[in-house]
Amino acid sequence: MPEGGKRGGKSRYTTVSIPVTLYNRIKKLIEGTGFANVSQFVTYVLREVVVEYERAREAEEPFTEEEKEKIIEKLRRLGYI
C-alpha cells in the first residue's frame, strides 16, 4: 500500500522534512487561522498544488494515443471522417 494510504478506514502518514526556517514562517503564518498545526497547513497546500498539477497534465494530453485512435475509428464508422 502506498505511503499515506488508507487501510481499514485509518489514515496513515509519513514524514516529510522541510527547513526549520520555513517551518517557523508557516507557524507564524497560520496563527489565528483554522489550521491546528503546520502539518495540517502543509497537507492542505500540497493537496491544492497536486490537484492543479494533475489538472494541468490532463489538459495537456486529454487522451492517450490509443484513445485518439479509437475515437477516430468510431467517427470514421459513423461517416464523419
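The values are calculated or read from the model by the stated rules, or taken from the named source; none is laboratory data. Computed from a predicted model, the values in this text were never measured in an experiment. Here the Cβ positions follow ideal geometry from the backbone for every residue, glycine too, while neighbour counts run over all protein chains shown.
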Inset, instruction - Taking the residues in segment 24-58 that are among the hydroxyl-bearing types (Ser, Thr, Tyr) and over 19 Å from Tyr13 (Cα atoms) as candidates, determine which candidate is modelled with the highest pLDDT. - result: Thr33
Inset, instruction - Write out, first by first residue and then by second, each pair whose Cβ atoms fall under 8 Å of each other, whose residues are 6+ apart or on separate chains, and whose first residue, in segment 36-50, is in contact (Cβ under 8 Å) with a residue 24 or more places away in the chain while the second is in a helix (DSSP H, G or I). - result: Val42/Ile26
Inset, instruction - Search segment 59-74 for residues that are modelled with pLDDT of 90 or more and surrounded by 11 or more Cβ atoms within 10 Å (Cβ to Cβ) and pair each with any residue that is in a loop (DSSP other than H, G, I, E, B) and among the aliphatic types (A, V, I, L, M) when their beta-carbon atoms are under 7 Å apart and the residues are at least 6 apart or on different chains. - result: Ile72/Ile81
